[in-house]
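The next block holds one structure in the form of structure tokens; read it before the comments.
The values are calculated or read from the model by the stated rules, or taken from the named source; none is laboratory data. Computed from a prediction, not measured in an experiment: that's the story for all the values here. With ideal geometry, Cβ positions are generated from the backbone for all residues, glycine too; neighbour counts draw on all protein chains shown. Keep in mind that these areas ignore ligands, DNA and RNA; they rest on the heavy atoms of the full protein, side chains included. Shrake-Rupley method; radii C 1.70, N 1.55, O 1.52, S 1.80 Å.
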Amino acid sequence: MSQTKNNITLGIASAALALTLYNFSMQSSSSISPAAEHQSKTDNTQTVQELAHVAEFKRKQDYSEMDNSALIARIEYLEERLLDIENQAFGAGASSGAIEETILAVLEEKERQDKQKRNEDNPVYGFYEDLPKDYDLKLKTDPEYANRISQDLRVKVLDQSLTPQERLSAMGQLQMNMYILNRTQDEMFDYETVDAVLEISRNSADDKLKVQALEVVAHSPVVDRRIAKSLQDIIEKEPNKYMKTMAAEGLMGQYYQADESNPEVKQQLANDILAMYDNANSAEVQAVMQRLIRDEELLRQIRRDAGR
């Protein structure tokens, strides 16, 4: 029993030492000169190989070639090597300022990686973290600044040389700008920009981007018969039920926002909605629209706008 406990203890000790050395070597490499870093990496590699050699013996429980005394001696040697490497980076000659800079560099790199992950997870609104604190106020008080920012964003949305994530982020910011300025549509935010985002939703192989691009379009304040037709196609053809529902919400949004000064567009939208609401050829499409139009008064209003 004592022999078994010793073996387990030594195995854990060697594994823990390997982990400690690995973590330290990854964090300390930026604080030493290139020559010292090269030597440190070489030392680290040799030391890790030593630890791997020990761990292999422990895993196989083959103690014929290495008894406990030898294992203890090996671990003590490796502990000394780790101390030597630590001293190279943070020895007595290292100032507290150098140590602090290294720690800050590690934290900054961690923050950069976290930010990149957040942007990848939600590319539409990844721009938030980079906005200046007075961004809203500056848009409202400086028309030239607002116009320049919006123009730059529009160019990015339409620029197919950029990644879909970059274009979506630009569209999200452009849309936010319009809400901040209490505008629904202008020369910067129009059918062309919305259609560019719809193109991403239609053609992207990334399901996450497809959904997020469609969400942007569904909440767009731009009313256009062509946008409505694209949303209708998604409702009828898209197999993803969430995207069907989101496109249906976008179509209803087009109807709600349609200007009474253009009754022809309002009437056409109302007819499109009713055609899918009453669609006996596709129970799925019909169910999606009927879930959105549960209020009898709303249904009567749509029928009146359709001229029925």
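Gly250 versus (1) out of contact with any Leu (no Cβ under 7 Å at 6 or more places or on another chain); (2) closer than 24 Å to Ala213 by Cβ: which is the lone unmet condition? Going through (1) out of contact with any Leu (no Cβ under 7 Å at 6 or more places or on another chain); (2) closer than 24 Å to Ala213 by Cβ one by one, Gly250 breaks only (1).
Kindly state which helices (runs of 4 or more DSSP H) lie completely within segment 168-265 and contain at least 1 residues that are open to solvent by 30 Å² or more (accessible area, probe 1.4 Å) and farther than 27 Å from Gln151 by Cα.
Values: elements: 191-203, 207-218, 225-237, 241-257.
Counting at least 1 such residues, we get 207-218, 225-237, 241-257.
Taking each residue of segment 128-141 that is more than 16 Å from Asn182 (Cβ to Cβ) and without any contact (Cβ under 8 Å) to a residue 60 or more places away in the chain and looking for partners that are assigned to a helix (DSSP H, G or I) and of a type in the set (Lys, Arg) with beta-carbon atoms closer than 7 Å, six or more apart or interchain, yields Glu129/Lys115.
If you go through segment 128-144 one residue at a time, do you hit one that is open to solvent by less than 40 Å² (accessible area, probe 1.4 Å) and modelled with pLDDT of 70 or more? Yes, segment 128-144 has at least one match.
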